[in-house]
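Enquirer: Pasting in a structure now, in structure tokens, and then I'll have a few things to ask.
The values are calculated or read from the model by the stated rules, or taken from the named source; none is laboratory data. Given the structure is predicted, the values throughout are model-derived calculations rather than measurements. Here the Cβ positions follow ideal geometry from the backbone for every residue, glycine too, while neighbour counts run over all protein chains shown.
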Number of protein chains: 2
Amino acid sequence: MATTIKDIARKAGVSISTVSLVLNHKGYVADETREKILSIIKEMDYKPLHSARKLATQKTGNMGYILWEGHFSEVEMFYSQVFLGMEYAARKNDYYILLTTVNDHFDPRQDLPRFLKYNDVDGVALAGRVPLDLIHYLDKHAIPFVLVDYEVPGKNYNTIKIDNYNGAFRAVEFLIEQGRRHISFVGGTFIHPSIKERYRGYKDALEKHGLLNNSYLEAYSYCENVETSRAIGEKGIKKLLKSRPEIDGVFCCNDTTALGVLSGIQSMGKTIPEDVAVIGFDDIPPAEFSSPKLSTVSVPKLDIGKEAYKLLYEQIYNPNIMPQTRIISVDLVIRESSQTKNKP
Amino acid sequence: MATTIKDIARKAGVSISTVSLVLNHKGYVADETREKILSIIKEMDYKPLHSARKLATQKTGNMGYILWEGHFSEVEMFYSQVFLGMEYAARKNDYYILLTTVNDHFDPRQDLPRFLKYNDVDGVALAGRVPLDLIHYLDKHAIPFVLVDYEVPGKNYNTIKIDNYNGAFRAVEFLIEQGRRHISFVGGTFIHPSIKERYRGYKDALEKHGLLNNSYLEAYSYCENVETSRAIGEKGIKKLLKSRPEIDGVFCCNDTTALGVLSGIQSMGKTIPEDVAVIGFDDIPPAEFSSPKLSTVSVPKLDIGKEAYKLLYEQIYNPNIMPQTRIISVDLVIRESSQTKNKP
DNA sequence: TATTTTAATCGAAACGTTTTAATTTATTTT
DNA sequence: AAAATAAATTAAAACGTTTCGATTAAAATA
């Protein structure tokens, strides 16, 4: 069969312990023997058998990545990218990321992902909004976990956050700088904290520039209490434009919505960006291919995945460390949908 | 620590061998003892440690799922759904599916997914178009694999195919039955066999109904030699409509393209389906939310994943079985984009 | 009844690592 | 030169299963 650590030891004329030591960069071993062993390993193309290693170390070498079914299979590609980022980062330590989904009706006794049921992961990353019961389960069973782009009010868990507030603030401020004066907000449910934060950034930017009066938000924002989608965006902006034709800028809670907003505006005979400027959030791939190309707040999805991995890894190997929150900063990227209104 | 097989054996007053036998449904064990052991297992919530089991059985309990980076992270959600289907099916046998991507510049010596490098999978599924060198590597190393929605000309590998030809044929025939007479095709690169087959179905349907003359295909099809995208669809149909304003139906190589076609037609001031009927292929989620809602050939993505899993599983446990091809049939689903042209 | 077959159970080896503690060898300190 | 310390190596135990072959008990056959 495949070559084992024994074969290496025999050929190198040492014990398997020594080979193991060089493999794991531990203990003392003479430079000379190390070199010899290393070269034999390469020569025989030896690869430690992971299941044996795992049995001995009592680690699984796996991390879980859980997300809501809808986010994976439906409209969002955001979290797939985050997954990829984790997967890339995990290569360094030979971790595998096991991806699975949970759905809305989650009962820990029944619907627990099997890598949790069978203790096949050392920790898990939770992407986006996931059932609270799942979080509680992990907490209770002391399984290391990190929340990605989500948070639980009043609880202090390990979290990777996007700088939603500043991203939104900056985007809206940009619209104002470009001469827009009637800027509306289109979004979905506020269950997701990210969206709430983006709304707050929107509001504060308006306020800073003295655009916010009593009835402003009521008149200029459209939020429906469902998951975001193109359809919501299209429907929302149409309704807004009908009652407020003076709208000349839209900040959307995310790109998916923004793409719908684009269609909505166009279907009402207005042009983008001349009549209405639009900025989204996330920078998902289709944003580059829309017409006009969508300006947006770009979120570094791969980096998020990478940070999630790193944080989770630290938690696994230092279980007593305090929970941390890391904030990933974002960039405003200007494409076509938000050009200057009035060139000076 | 966690309860082990020893704990179960001790409590049941039997040897660990016996416990193992009932766990694996092997050998003879008296009904009475089986019941007893089973109930103790449940009572103590015993879960066999996978790494130990894997070490003993010399199986990894993992399958790989490899797809081209672009397909995962960019516009396509098709293969994500297939993955989900595999993941669902894998639950039955406690297999884990390890997802990873490869990119265009693939060198087996460098870019081999690490689950292959470290022999951490019992077999792999290849989704869509993947580098030929990868396939050759698997073939050479006798690693069980199945191709999903792809094939290599002249080679007889395990394959899950979509019934592209008949799906396309049926879609186009439907357009004809509805009174359409100038039906064009919009697509991307023919590198992918599926697209080639869909084109063939398109052509044959036209021919069957006597619509195909010498210059037809040239005049009415638009194919660009790049990956399919919305942009291609939009660009393609605009160009076609300019030279052939009589076009009253479009069959698209897939939904992504079709969504672009929808925008393209609308941006030229025509209405769907009154002026032009559109049918796509794949039935990706956004097809349900476009306006008008996209008629399409629905491909059961979860089923594909499930079949891929089953075929791969069979290959792993019967390595000497002949390579098989399984064809997944498709359904024409009529939504709004293809209504009857002339009601009688 | 003695023998063979079948059913039920078990002891022990095997799977390929890591790790602890012991041992040997080399180096430094007194 | 002896004693103490540090460096290098190793034997053996441990990780938790499966499985092979042996053993015993019960049932079927002669």
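Enquirer: Restricted to segment B:184-215, and to residues that are under 18 Å from B:Thr159 (Cβ atoms) and among the basic types (Lys, Arg), which residue is modelled with the lowest pLDDT? Full working, then the answer.
Expert: Taking segment B:184-215 as the starting set, the residues that turn out to be under 18 Å from B:Thr159 (Cβ atoms) are B:191-198, B:200.
Among the residues that remain, those that are also among the basic types (Lys, Arg) are: B:196, B:198, B:200.
On the way: B:Lys196: 92, B:Arg198: 96, B:Arg200: 96.
In this case the residue turns out to be B:Lys196.
Enquirer: Against the condition under 18 Å from A:Tyr150 (Cβ atoms), aliphatic (A, V, I, L, M) and within 14 Å of chain B (Cβ to nearest Cβ), how does A:Leu67 come out, does it pass?
Expert: Taking the combined requirement at face value, the residue satisfies it.
Enquirer: Restricting attention to segment B:188-200, does a residue exist that is in contact with a Ser or Thr (Cβ under 8 Å, 6 or more places away or on another chain) and surrounded by fewer than 18 Cβ atoms within 10 Å (Cβ to Cβ)?
Expert: From segment B:188-200, those in contact with a Ser or Thr (Cβ under 8 Å, 6 or more places away or on another chain) are B:188-189, B:195, B:199; that's our starting set.
So of that shortlist, the ones also surrounded by fewer than 18 Cβ atoms within 10 Å (Cβ to Cβ) come out as B:189.
Yes, because at least one residue in segment B:188-200 is in contact with a Ser or Thr (Cβ under 8 Å, 6 or more places away or on another chain) and surrounded by fewer than 18 Cβ atoms within 10 Å (Cβ to Cβ).
Enquirer: Follow-up question, since we're still on this one. Wholly within segment B:86-188, which strands (runs of 3 or more DSSP E) include no fewer than the required count, namely at least 2 residues that are over 27 Å from B:Thr257 (Cα atoms) and free of Cβ contacts under 8 Å to residues at least 40 places away in the same chain? Can you show your working first?
Expert: Numbers: elements: B:96-102, B:123-127, B:145-148, B:159-162, B:183-187.
Those strands (runs of 3 or more DSSP E) span B:96-102.
Enquirer: Right, next: For segment B:26-55: of the residues being closer than 21 Å to A:Leu55 by Cα, of a type in the set (A, V, I, L, M) and without any contact (Cβ under 8 Å) to a residue 24 or more places away in the chain, which is nearest to DNA strand C (Cβ to nearest atom)?
Expert: Out of the qualifying residues, it is B:Leu55.
Enquirer: What is the residue count in segment B:87-112 for residues that are surrounded by 21 or more Cβ atoms within 10 Å (Cβ to Cβ) and within 12 Å of another protein chain (Cβ to nearest Cβ)?
Expert: 8
Enquirer: Next question. Please find, within segment A:1-25, the residue that is farthest from the other protein chains (Cβ to nearest Cβ) out of those that are more than 6 Å from DNA strand C (Cβ to nearest atom) and within 25 Å of B:Thr57 (Cβ to Cβ).
Expert: Across segment A:1-25, the extreme among qualifying residues is A:Ala9.
Enquirer: Take the conditions facing another protein chain (nearest Cβ under 9 Å), at pLDDT 95 or above and buried (at least 21 other Cβ atoms within 10 Å of the Cβ) and apply them to B:Leu84. Does it pass?
Expert: no
Enquirer: Here's another thing I want to ask about it. Go through segment B:1-72 and tell me which helices (runs of 4 or more DSSP H), entirely inside it, have 3 or more residues that are near DNA strand D (Cβ under 9 Å from one of its atoms) and out of contact with any strand residue (DSSP E or B) (no Cβ under 9 Å at 6 or more places or on another chain).
Expert: Ranges flagged: B:5-12, B:16-23, B:50-57.
Enquirer: Within segment B:205-234, take every residue that is free of Cβ contacts under 8 Å to residues at least 12 places away in the same chain and in a helix (DSSP H, G or I) and give me the one that is nearest to B:Phe174 (Cα to Cα).
Expert: B:Glu207
Each row is one residue, and each column tells you yes or no for (1) modelled with pLDDT of 90 or more; (2) buried (at least 16 other Cβ atoms within 10 Å of the Cβ); (3) under 16 Å from the mean Cα position of the chain (by Cα); (4) under 29 Å from A:Tyr199 (Cα atoms).
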| residue | (1), (2), (3), (4) |
| --- | --- |
| A:Lys117 | yes, no, no, no |
| A:Gly123 | yes, yes, no, no |
| A:His136 | yes, no, no, yes |
| A:Lys140 | yes, no, no, no |
| A:Leu147 | yes, yes, yes, yes |
| A:Ile160 | yes, yes, yes, yes |
| A:Asp163 | yes, yes, yes, yes |
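Enquirer: Related question: Do the conditions hold for B:Met77, that is, is it loosely packed, with under 15 Cβ neighbours inside 10 Å, modelled with pLDDT under 95 and within 11 Å of chain A (Cβ to nearest Cβ)?
Expert: Here the answer is no, as B:Met77 does not meet what is asked.
Enquirer: Restricted to segment B:244-265, and to residues that are within 14 Å of chain A (Cβ to nearest Cβ) and polar (S, T, N, Q), which residue is nearest to B:Leu211 (Cα to Cα)?
Expert: So the residue we want is B:Thr257.
Enquirer: Something else about it: Only residues that are within 14 Å of chain A (Cβ to nearest Cβ) and in contact with a helix residue (DSSP H, G or I) (Cβ under 8 Å, 6 or more places away or on another chain): list them for segment B:126-143, please.
Expert: Of everything in segment B:126-143, those that are within 14 Å of chain A (Cβ to nearest Cβ) and in contact with a helix residue (DSSP H, G or I) (Cβ under 8 Å, 6 or more places away or on another chain) turn out to be B:Ala127, B:Ile143.
Enquirer: Let me ask another. Could you tell me which residue of segment A:266-287 is surrounded by the most Cβ atoms within 10 Å (Cβ to Cβ), considering only residues that are within 13 Å of another protein chain (Cβ to nearest Cβ) and not polar (S, T, N, Q)?
Expert: Step one: filter segment A:266-287 for residues within 13 Å of another protein chain (Cβ to nearest Cβ), giving A:266-269, A:271-272, A:283-287.
So of that shortlist, the ones also not polar (S, T, N, Q) come out as A:268-269, A:272, A:283-287.
Working: A:Met268: 14, A:Gly269: 8, A:Ile272: 22, A:Asp283: 24, A:Ile284: 27, A:Pro285: 16, A:Pro286: 21, A:Ala287: 24.
Of everything passing the filter in segment A:266-287, A:Ile284 is surrounded by the most Cβ atoms within 10 Å (Cβ to Cβ).
Enquirer: Here is a check on your reading of the model: is B:Asn254 at pLDDT below 90 and under 21 Å from B:Leu126 (Cα atoms)?
Expert: no
Enquirer: Further, regarding this structure: Please tell me if B:Lys11 is over 24 Å from A:Asn119 (Cβ atoms) and not hydrophobic (A, V, I, L, M, F, W, C).
Expert: no
Enquirer: Going by the structure shown, is A:Tyr202 of a type outside the set (Gly, Ala, Ser), free of Cβ contacts under 8 Å to residues at least 40 places away in the same chain and farther than 18 Å from A:Phe78 by Cα?
Expert: No: the conditions fail for A:Tyr202.
Enquirer: Return the total of residues in segment B:16-51 being over 25 Å from A:Arg114 (Cβ atoms) and surrounded by 13 or more Cβ atoms within 10 Å (Cβ to Cβ).
Expert: The qualifying residues number 4.
Enquirer: A further question on this structure: Would it be correct to say that B:Ser221 is touching a helix residue (DSSP H, G or I) at 6+ places or on another chain (Cβ under 9 Å) and at pLDDT below 90?
Expert: It is false that B:Ser221 is touching a helix residue (DSSP H, G or I) at 6+ places or on another chain (Cβ under 9 Å) and at pLDDT below 90.
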